[in-house]
Amino acid sequence: MSWLIDLDPGEPGEHGVSAGAPPLGACSAGSSCAAGSPLAGGTCLVPEGGDDGDDDSSVSRRSFLRLLGLGAGAAVAGTGVGLVTYREYAAAATTNGTTKGGMVSGGAAASMADQASPPDHQWAMVIDLRSCNGCKSCTAACQKAHDLTPDQTWIDVFTMTSSTGKQYPFPRPCMQCENPPCLHVCPVHATFRQDQGVVLVNQTRCIGCRMCMAACPYQARYFNWNAGTVYPKTGQQADAEFPVPQRLGTVGKCTFCVGNLNNGLMSECAAGCPMGAIYNADIITDVAVNSMGNTVKLSTFLDENDAVTFKPSQNTHPRVWYILGHGQDLDADAGQDTPGASS
Amino acid sequence: MSETQQGVEAVPGHAGHSVDPQWSRDVRAAAMRPMLERPSGVWKAAVAVLSLVVLAGFAAWGYQLKHGLGSAGYNDQAFWAVYLVDVITFIGVSYGGAVISAILRLTGQSWRAPLTRLAEGMALVTVLIGGAFIFPHLGRPERFLNIVAYPNMSSPLVWDFLAIATYSVATMIFFYLPLIPDLAIVQRTLGSAEGGVRHAVYRFLSFGWLGSPRQRRLLHGALGIVALLIVPLAVSVHSVLSWAFAVTSRPGWSETVFPPYFVVAALYSGTALVIVTASAFRKGYRLQRFITQRHFVRLGYLMAALGLVYAYLTFADLLTDGYTGITSGWIRQTVVGAYAPAFWFYVVAGEVLPIVLVAMKRTRTVGGMTVASIGVVISLWIKRLVIVLPPVTQPLIAGKWGSYHFTWVSITITLAGTAAIPLLLMLLFRFVPVLSIDEMEEAGPIGSFEQVSTETERALAEGTIGTGVREPVGALAATDVRANAHSQRRWSLRRPRGATLALVVGALALGTAAAVGVGVGAKPAGAATLTPAATPAATPAATPAATPVTLAVAPVTAGKATLELRATVGTPMAPVAAGTVTFFVVPHEFAGSGLMQIGTASTDAQGVASVDYVPTWTGAEQFVAHVAGPNGSVAAATTATYDVTVDPPGLPKSIYEYQRPLSTTGHWLVVTLLTIVAIIWVLLLGSLTLVVVRMPRLGRQ
């Protein structure tokens, strides 16, 4: 339930609507825990087989609805359509799920069977511009995975001009700001920040006002302007973590492929980068990995390479860092500035 | 209550007024002609044409709903465009109409009398149209009420919604209250015989108005409160509308000048539309005798003054960004670029032309003022387009400017909104008098143009203010009673107005104090400190290697977060000194990830190398140690797996502490603002309820 998640855990009840939401621990009193198991930490995991297609944190929402006696139909008749597979892994993983802000944090990969406790993650990204040749494979991989139109460049590769007039490519995903302007201006809490720091859009809530597009300093948001390229107005849709297909009249953006990350996989853009320029990273475990299998300690990597964030003056605190350069690491033209390879 | 046909003199109206019967007859005839006569062919044709345009707009909207906002010319680099401009423009002119009427009312400008109904009617109609334009603006209009269901109080749009809703209700009440005496007059003029339903409706809506001094006091008191509230409400509506732009970081929008900029634009265009409306209805409804050139000239002066202020604000807006040049792309685009024709059209038709027309005596006529106003109304719509589009289409990172292209959908819908103004006004004045009969009778033929009623002045001079008037309606018009009624009204008007003002200001002050107090006192709690206790339950799984290596992990200090990874190379008998050992940990995430290096150390004389490591993972951690061989090869390697408990599991996410905007003062700011909104609603609805409940009772006394 997005309005549970996007509340800062430290500030419960800032909004009137949240006052009625029970803390997750309270669900042990509800019938929903019959399906899961109430655990020591006040957490219960509910098998996530079905969803009404609303949003990601169906656990707390369902508990809430069931407590109210409202959601029985929706929960019982959960169809299981359009869910990301990692959810099933999440359901298989057991015990001490860390909870924060009233939701179960992302699950762990099933392959980590020995991994008794799914840890908390704080997803991040590092883009090493020294390795980027501007091939736009990241954009293509992202658009393929998310069924986007060519205009909807959730990760776009801009052509920047250096001080000496040379051009270099600059991939720009959603910055997953820790202080996201889009979230602050959304009138209906359709944009929310889940507890792994990923800013997501609930497309079943969004009213299509585009205030977030106005607020984003990175042009990272894309609207679904035209029918025919998106999902019809009614029917099922997957949750905010995997909003595919897109919904007409709502806004979409890079999700960091948080479903992949929680499933032990890389994001589509990072996996699709032939140059290894894009690193998926986790701030908690302090690790960053690119498609070449290069595994680095995130904090050291950032420090040693003087990584920067984009537009720090905007006070957005991005979760995406850039290592500056113009393709120096590329084999083809090492030591030279790459001419704008992006067309 | 007599319902038979009566002469004008006997019709309840003005206790304490000697209404000139001829004047009264003329006013009533003119005001009610559109209601009582059968509509002319021209009127019917106009309504038919306008209705067709409005229907075409609805059809276009239907098309847009089916095909998406892209059919209206929108794209990702022009995500806000014509509909938002329409919202601002229509609500802006509404604001102008209401505030002109309210200010003239509050300052006792009796010449306003023939204009108030038109101005307030225009305000009512345009706020409804402007509000309606939010729906084509939205991608999912059917979810509009999510704003009520899931409001995010830090979003300017939620406050927009609150402000527009409050202002709309205030506009309706502000239209309705002065209408009550007129509805009573209409009811009596109709008579019960003709038109049963109509008569009953008017009778119900006039709530037993007889025009007794006490009823008059009640009505004017309520009206005073609403008129007083409408001014700050209108300011708030346009300020909040402007903040929807100004709170973003976009160059060209993030301007401190925006709230007054929008407020003055609204007043300016609103005054202009009052002139246009008055001009049209004066001609079409034959009101030339009542709305004269002097009205137009006075409104023209007001408009020219507002125009100068607006020109000043426009200059101030352009200068600061343009001077430094840091974010001046939108200025170049506005002044010499793609939007230059639109911008300079505004300068000529929206500033130079109206001011020249007002300044020259020869053009200071009804026609001249009308031309000037039409120029202002059109060019201010264009000006808002120029405010919205350059910052929206600017590239924020790199690349080309975006562009917005009008399509038949957006043009049709905008034209439909424009056509809806005259259409709704024409329909409205089929049901309510086009002139405010009661106020015009009160003002009289001369007072309609004179600022201060001579009678009031005399009453003030005679010191009769403050004496109560208890006579019922029927008591006719002696001069001293009249004076008393006047003075009584002035006094009773002032009190609730002052009290309202004090209440609002007091609440504001209280809220500000509270907000500041909290802001100083409340410091956000520190980030969760990192005090995990690492307890390795050692079951090292040593790997046989060419050079014997053992890897052990132990806490550096019990209860602290840091672990020590210690590799022993060689045997106790033959330690390998000065070897290089690299330590790794195996990450748990991201398919294809390799070993993550923790650090490198050299072995000492005992063959021991160690590094410190802060674990982040509760559960099994796999550590690896490589002993460097010649030429970067690995001479030996070993692996050890430990169960690590990091307690508590919540680790710092980053050095940045995420804070919602207004999170320190926000609770109190939001509570304060909502309290003020609630007070305004109570005052608005309370005024209306008081009138509705007490009016019939006072009439019976």
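Please verify whether region A:260-278 includes one or more residues that are of a type in the set (Asp, Glu), within 11 Å of chain B (Cβ to nearest Cβ) and within 26 Å of residue A:311 (Cα to Cα).
no
Of everything in region B:630-663 that's more than 10 Å from chain A (Cβ to nearest Cβ) and open to solvent by 40 Å² or more (accessible area, probe 1.4 Å), which residue is modelled with the lowest pLDDT?
B:647
Does region B:311-341 hold any residues that are surrounded by 18 or more Cβ atoms within 10 Å (Cβ to Cβ) and over 19 Å from residue B:245 (Cα atoms), and which are they?
Correct list: B:311 only.
Can you name every residue in region B:283-304 that is part of a helix (DSSP H, G or I) and in contact with a Leu (Cβ under 8 Å, 6 or more places away or on another chain)?
Residues satisfying the conditions are B:295, B:299, B:300.
If the requirement is being within 12 Å of chain A (Cβ to nearest Cβ), surrounded by 23 or more Cβ atoms within 10 Å (Cβ to Cβ) and of a type in the set (A, V, I, L, M, F, W, C), which of these qualifies: B:585, B:581, B:627?
B:585
List pairs: first in region B:62-76 and polar (S, T, N, Q), second open to solvent by 40 Å² or more (accessible area, probe 1.4 Å) and at pLDDT 90 or above, Cβ under 8 Å, 6+ apart or cross-chain?
Listed by first residue and then by second, the contacts come to B:71/B:63.
Going through region B:26-65 one residue at a time, which ones are open to solvent by less than 40 Å² (accessible area, probe 1.4 Å) and β-branched (Val, Ile, Thr)?
Across region B:26-65, the qualifying residues are B:27, B:47, B:54.
Can you tell me which of B:358, B:371 is over 29 Å from the mean Cα position of the chain (by Cα), open to solvent by less than 30 Å² (accessible area, probe 1.4 Å) and β-branched (Val, Ile, Thr)?
B:358
May I ask you to list the residues in region A:208-217 that are within 7 Å of chain B (Cβ to nearest Cβ) and touching a residue at least 24 places away in the same chain (Cβ under 8 Å)?
A:208, A:210, A:211, A:213, A:214, A:215, A:217
Would you pick out the residues in region B:84-117 that are in contact with a Gly (Cβ under 6 Å, 6 or more places away or on another chain) and under 19 Å from residue B:181 (Cβ atoms)?
Scanning region B:84-117 gives a single hit, B:110.
Of the numbered conditions (1) touching a His at 6+ places or on another chain (Cβ under 8 Å); (2) at the interface with chain B (Cβ under 7 Å from one of its Cβ atoms); (3) over 23 Å from residue B:599 (Cβ atoms), residue A:284 fails exactly one; give the number of that condition.
Failing condition for residue A:284: (3).
If residue A:222 satisfies all but one of (1) farther than 19 Å from residue B:73 by Cα; (2) within 8 Å of another protein chain (Cβ to nearest Cβ), what's the number of the condition it fails?
(1) is the only condition that residue A:222 fails.
Given B:294, B:289, B:214, B:298, which one is touching a residue at least 60 places away in the same chain (Cβ under 8 Å), open to solvent by 40 Å² or more (accessible area, probe 1.4 Å), over 30 Å from residue B:426 (Cβ atoms) and more than 14 Å from every other protein chain (Cβ to nearest Cβ)?
Matching residue, one of B:294, B:289, B:214, B:298: B:214.
Counting just the residues of region A:142-187 that are in contact (Cβ under 8 Å) with a residue 60 or more places away in the chain and of a type in the set (Gly, Ala, Ser), which one comes out farthest from the other protein chains (Cβ to nearest Cβ)?
This residue is A:145.
Go through (1) surrounded by fewer than 21 Cβ atoms within 10 Å (Cβ to Cβ); (2) more than 14 Å from the chain's Cα centre (by Cα); (3) within 13 Å of another protein chain (Cβ to nearest Cβ) one by one and return the number of the condition residue B:140 breaks.
Among (1) surrounded by fewer than 21 Cβ atoms within 10 Å (Cβ to Cβ); (2) more than 14 Å from the chain's Cα centre (by Cα); (3) within 13 Å of another protein chain (Cβ to nearest Cβ), the lone unmet condition for residue B:140 is (1).
Are any residues in region B:573-625 under 22 Å from residue A:121 (Cα atoms), touching a residue at least 24 places away in the same chain (Cβ under 8 Å) and in a loop (DSSP other than H, G, I, E, B), and if so, which ones?
Residues satisfying the conditions are B:586, B:588, B:595, B:614, B:615, B:616, B:617, B:618.
Residue-by-condition table, conditions (1) buried (at least 24 other Cβ atoms within 10 Å of the Cβ); (2) closer than 19 Å to residue B:280 by Cβ; (3) touching a helix residue (DSSP H, G or I) at 6+ places or on another chain (Cβ under 6 Å); (4) not aliphatic (A, V, I, L, M):
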position: B:94; (1), (2), (3), (4): yes, yes, yes, yes
position: B:97; (1), (2), (3), (4): yes, yes, yes, yes
position: B:101; (1), (2), (3), (4): yes, yes, yes, yes
position: B:107; (1), (2), (3), (4): no, no, no, yes
position: B:110; (1), (2), (3), (4): no, no, yes, yes
position: B:117; (1), (2), (3), (4): yes, yes, no, yes
position: B:120; (1), (2), (3), (4): yes, yes, yes, yes
position: B:124; (1), (2), (3), (4): no, yes, yes, no
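Looking at region A:226-244, is at least one residue of a type outside the set (A, V, I, L, M, F, W, C) and modelled with pLDDT of 90 or more?
no
Please find, within region B:242-283, the residue that is farthest from the other protein chains (Cβ to nearest Cβ) out of those that are without any contact (Cβ under 8 Å) to a residue 12 or more places away in the chain and open to solvent by 20 Å² or more (accessible area, probe 1.4 Å).
B:283
Scan region B:223-239 and tell me whether some residue there is farther than 26 Å from residue B:691 by Cβ and either open to solvent by less than 10 Å² (accessible area, probe 1.4 Å) or more than 14 Å from every other protein chain (Cβ to nearest Cβ) (or both).
yes
Looking at the structure I just gave you, is residue A:281 modelled with pLDDT of 90 or more, buried (at least 17 other Cβ atoms within 10 Å of the Cβ) and touching a Leu at 6+ places or on another chain (Cβ under 6 Å)?
The answer is yes for residue A:281.
The values are calculated or read from the model by the stated rules, or taken from the named source; none is laboratory data. Computed from a prediction, not measured in an experiment: that's the story for all the values here. Note: ideal-geometry Cβ built from the backbone for every residue, glycine included; neighbour counts use all protein chains shown. Heavy atoms of the whole protein, side chains included, go into the accessibility calculation; ligands, DNA and RNA do not. Shrake-Rupley method; radii C 1.70, N 1.55, O 1.52, S 1.80 Å.
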